[in-house]
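Take a look at the structure set out below.
The values are calculated or read from the model by the stated rules, or taken from the named source; none is laboratory data. Fair warning: this is a prediction, and the values are worked out from it, not measured in the lab. Quick reminder, even Gly has a Cβ in these numbers, built from the backbone with ideal geometry, and neighbours come from all protein chains shown.
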Amino acid sequence: MATMKEWVLRHRPDGDVGPDDLEYVENAIPQLADGDVLLRTIYLSLDPTNRIWMSDRDQYMPPVRIGDRMRGGNICVVEQSRSDNLAPGDIVSYFGGWGTHSVTPAAMCKKLTAIPGVPLTAFQSVFGGTGITAWFGLKDVGQPKPGETVVVTSAAGAVGSIVCQLAKLEGCRVIGIAGGAEKCRWLVEELGIDGAIDYRSEDVGAALDRLCPDGIDVDFENVGGEIMDAIIARMNNHGRLALCGMIATYNDDGPVPGPRDFAPVLMHRLRIEGFIITDYMHRAQEAVEGLARLVVEGKLKWQDHVDQGLENALQSLDKLFTGGNRGKLLVQVSPEP
């Protein structure tokens, strides 16, 4: 009997995700029905939203049920097929979760075409949900104009690092907020933004006053909490806050605090808009084509942080909440074909 390994949710975490909240188990691989394919996972995407899916709080999709496989995006290779649309050896993207294998209808998979000189991991970072989120969050929600000041939180992360570069290409002054001197150096020296703030060693408000003397026009917000408060207090009239994430609050399953002072929202006529990538998937090709053009032209850099082994996925996930990664966090589950 063929078997697979997978992580299943055992408890709703209380605060930080602990070793008792998920269990690494071995189960039989289901039989294929007509139209199904058997997939072997090559890469697993780890994202802050993994923590949201473990909770039963109000969210944009139902939470993972207790006893079910942990949710997540994958790049996979087809090992067996009972479909005319996919053949063994095809590479696909699939929302299969934290497992070594998946059986699914072929219609649930998206076949990927290799791009010469571009690593396979790019389909889960710059050409995947990461890049699509950055593209529409900045362009459609943030709507930056040349000469404006854009602040990006979690700027050295997967989405933030792409947003920083897209904002520079729009002709904006870009300030990134990240954790650690090395991340800040990378943002300024390698990505070419105008300034970076190390929230671990600097007073964020004072640093914003120094680096944004004319105020802030756009905030691409990934963090929330006190950092978002400091930004809102310094936004210009008709500023836009694109709310992509609030990672500072994801491990707190109690009520999430809002901004401490809403007066600037009124007085400066700010627009705060949350967005989710699923709202834009019908336009995904638009973003991918734009991002691909920038990559080919050498105008866009990205970085993948790849850990090894599905058995280590839980420890890897913690890096998203402690600042242990730079760029897109992935787990390599099995070798590339």
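Please work out which residue is modelled with the highest pLDDT, limiting yourself to segment 247-264 and to residues that are under 30 Å from residue 50 (Cβ atoms) and either outside the structural domain of residue 152 (by TED's automatic domain parsing) or assigned to a helix (DSSP H, G or I) (or both).
247
List every residue pair whose Cβ atoms lie under 6 Å apart, where the two residues are 6 or more positions apart in sequence or sit on different chains, the first residue falls within segment 132-160 and is at positive phi, and the second residue, located anywhere, is among the small types (Gly, Ala, Ser) and in a helix (DSSP H, G or I).
Close Cβ pairs satisfying both conditions: 154/160.
So if I check each of 324, 245, which one is touching a Pro at 6+ places or on another chain (Cβ under 6 Å) and under 25 Å from residue 199 (Cα atoms)? Show your work before the answer.
On the way: 324 fails: touching a Pro at 6+ places or on another chain (Cβ under 6 Å).
One residue alone meets the criteria, 245.
Of the residues that make up segment 104-124, is at least one within 19 Å of residue 33 (Cβ to Cβ), small (Gly, Ala, Ser) and in contact with a strand residue (DSSP E or B) (Cβ under 9 Å, 6 or more places away or on another chain)? If you could, list the steps in order and put the result at the bottom.
First pass over segment 104-124, keeping only residues within 19 Å of residue 33 (Cβ to Cβ): 104-109.
Imposing the further condition that a residue be small (Gly, Ala, Ser) reduces the set to 106-107.
If we keep only those that are in contact with a strand residue (DSSP E or B) (Cβ under 9 Å, 6 or more places away or on another chain) as well, we get 106.
Yes: segment 104-124 contains one or more residues that are within 19 Å of residue 33 (Cβ to Cβ), small (Gly, Ala, Ser) and in contact with a strand residue (DSSP E or B) (Cβ under 9 Å, 6 or more places away or on another chain).
When segment 265-300 is examined, which residues are found to be charged (D, E, K, R), under 21 Å from residue 73 (Cα atoms) and either at pLDDT below 95 or surrounded by 13 or more Cβ atoms within 10 Å (Cβ to Cβ) (or both)?
At the first step, the residues of segment 265-300 found to be charged (D, E, K, R) are 269, 271, 273, 279, 283, 286, 289, 293, 297, 299.
Narrowing the set further to residues that are under 21 Å from residue 73 (Cα atoms) leaves 279, 283, 286, 289.
Once the filter is applied, which keeps residues that are charged (D, E, K, R), under 21 Å from residue 73 (Cα atoms) and either at pLDDT below 95 or surrounded by 13 or more Cβ atoms within 10 Å (Cβ to Cβ) (or both), segment 265-300 yields 279, 283, 286.
Which condition from (1) part of a loop (DSSP other than H, G, I, E, B); (2) modelled with pLDDT of 95 or more is the one that residue 116 breaks?
Result: residue 116 fails condition (2) only.
When you look at residue 89, is it assigned to a loop (DSSP other than H, G, I, E, B), surrounded by fewer than 17 Cβ atoms within 10 Å (Cβ to Cβ) and on the phi > 0 side of the Ramachandran plot, yes or no? Lay out the reasoning, then the answer.
Numbers: assigned to a loop (DSSP other than H, G, I, E, B): yes; surrounded by fewer than 17 Cβ atoms within 10 Å (Cβ to Cβ): yes; on the phi > 0 side of the Ramachandran plot: yes.
In short, yes.
How many residues are part of a loop (DSSP other than H, G, I, E, B) and either among the charged types (D, E, K, R) or modelled with pLDDT of 95 or more (or both) if we restrict to segment 12-23? Please lay out each step first, then the result.
First, the residues of segment 12-23 that are part of a loop (DSSP other than H, G, I, E, B): 12-21.
Subset that is either among the charged types (D, E, K, R) or modelled with pLDDT of 95 or more (or both): 12, 14, 16, 20-21.
Summing the residues that are part of a loop (DSSP other than H, G, I, E, B) and either among the charged types (D, E, K, R) or modelled with pLDDT of 95 or more (or both) in segment 12-23 gives 5.
Tell me, yes or no, whether segment 25-35 has at least one residue that is in contact with a strand residue (DSSP E or B) (Cβ under 8 Å, 6 or more places away or on another chain), modelled with pLDDT of 95 or more and farther than 25 Å from residue 337 by Cβ.
Within segment 25-35, one or more residues are in contact with a strand residue (DSSP E or B) (Cβ under 8 Å, 6 or more places away or on another chain), modelled with pLDDT of 95 or more and farther than 25 Å from residue 337 by Cβ.
Restricting segment 201-225 to residues that are in contact (Cβ under 8 Å) with a residue 24 or more places away in the chain and under 21 Å from residue 322 (Cβ atoms), which is surrounded by the fewest Cβ atoms within 10 Å (Cβ to Cβ)? Please lay out each step first, then the result.
Keep residues of segment 201-225 that are in contact (Cβ under 8 Å) with a residue 24 or more places away in the chain, which gives 204-205, 208-209, 211-212, 214-225.
Remaining after also requiring under 21 Å from residue 322 (Cβ atoms): 204, 221-225.
Values: 204: 19, 221: 26, 222: 27, 223: 24, 224: 20, 225: 17.
The qualifying residue surrounded by the fewest Cβ atoms within 10 Å (Cβ to Cβ) is 225.
Taking only segment 303-327 into account, find how many residues are of a type outside the set (Ser, Thr, Tyr) and touching a Leu at 6+ places or on another chain (Cβ under 9 Å).
The number of residues fulfilling the criteria is 11.
Quick one: how many residues across segment 11-59 are in contact with a helix residue (DSSP H, G or I) (Cβ under 8 Å, 6 or more places away or on another chain) and surrounded by 12 or more Cβ atoms within 10 Å (Cβ to Cβ)?
Step one: of segment 11-59, the residues in contact with a helix residue (DSSP H, G or I) (Cβ under 8 Å, 6 or more places away or on another chain) are 13, 16-17, 19, 22, 24, 35-37, 41-48, 50-51, 59.
Remaining after also requiring surrounded by 12 or more Cβ atoms within 10 Å (Cβ to Cβ): 13, 16-17, 22, 24, 35-37, 41-48, 50-51, 59.
Summing the residues that are in contact with a helix residue (DSSP H, G or I) (Cβ under 8 Å, 6 or more places away or on another chain) and surrounded by 12 or more Cβ atoms within 10 Å (Cβ to Cβ) in segment 11-59 gives 19.
Among 182, 202, which is the only one that is in a loop (DSSP other than H, G, I, E, B) and not aromatic (Phe, Trp, Tyr)? It would help to see each step written out before you state the result.
Values: 182 fails: in a loop (DSSP other than H, G, I, E, B).
The match here is 202.
Between 40, 69, which is in contact with a Phe, Trp or Tyr (Cβ under 8 Å, 6 or more places away or on another chain) and in contact (Cβ under 8 Å) with a residue 12 or more places away in the chain?
Working: 40 fails: in contact with a Phe, Trp or Tyr (Cβ under 8 Å, 6 or more places away or on another chain).
Only one candidate qualifies: 69.
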